1. How about region 9-99: which helices (runs of 4 or more DSSP H) wholly inside it have at least 2 residues that are of a type in the set (S, T, N, Q), surrounded by 15 or more Cβ atoms within 10 Å (Cβ to Cβ) and in contact (Cβ under 8 Å) with a residue 24 or more places away in the chain?
2. Taking the condition surrounded by 14 or more Cβ atoms within 10 Å (Cβ to Cβ) and of a type in the set (Gly, Ala, Ser), does Ser103 pass?
3. Within region 24-53, count every residue that is aromatic (Phe, Trp, Tyr) and closer than 15 Å to Gly90 by Cα.
Amino acid sequence: MSFKAIILLTRAEGATHEQFADWWLKQHAPLAKQLPNLRKGVFNLVENPADGDPDGVSELWFDTQADFEAAYASEIGKSVVADSLANVSGRRRMFVVENTIHS
């Protein structure tokens, strides 16, 4: 079993979806992939979001929630948060336990 954080990001007011995508995929994602103990990171760009809806959904896998919290308490984690806060108007986190159903 692994711990997964799902983070929904909404672009900053005045920014276009294209500007968000450029920043998020070229600047933010490479920074976030440096988080300590990150097992897997997936950055999903929302197609044609309505105003106010999330522009991107990230999925970050760690072994435990403690690993997630330690990653964001690190210097690189603080940089990831600062970069996010400077470029988004909304950020929501959800923590999930991933379950795979095999048919």
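The values are calculated or read from the model by the stated rules, or taken from the named source; none is laboratory data. Since the structure is predicted, the reported quantities are computational estimates derived from the model, not experimental observations. With ideal geometry, Cβ positions are generated from the backbone for all residues, glycine too; neighbour counts draw on all protein chains shown.
1. 75-87
2. Details: surrounded by 14 or more Cβ atoms within 10 Å (Cβ to Cβ): no; of a type in the set (Gly, Ala, Ser): yes.
It is false that Ser103 is surrounded by 14 or more Cβ atoms within 10 Å (Cβ to Cβ) and of a type in the set (Gly, Ala, Ser).
3. Residues meeting the conditions: 1.
Conditions (1) modelled with pLDDT under 95; (2) more than 13 Å from the chain's Cα centre (by Cα), marked per residue:
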residue	(1), (2)
Trp24	no, no
Gln27	no, no
Ala32	no, no
Pro36	no, yes
Arg39	no, yes
Asn44	no, no
Asn48	yes, yes
Asp53	yes, yes
Gln65	yes, yes
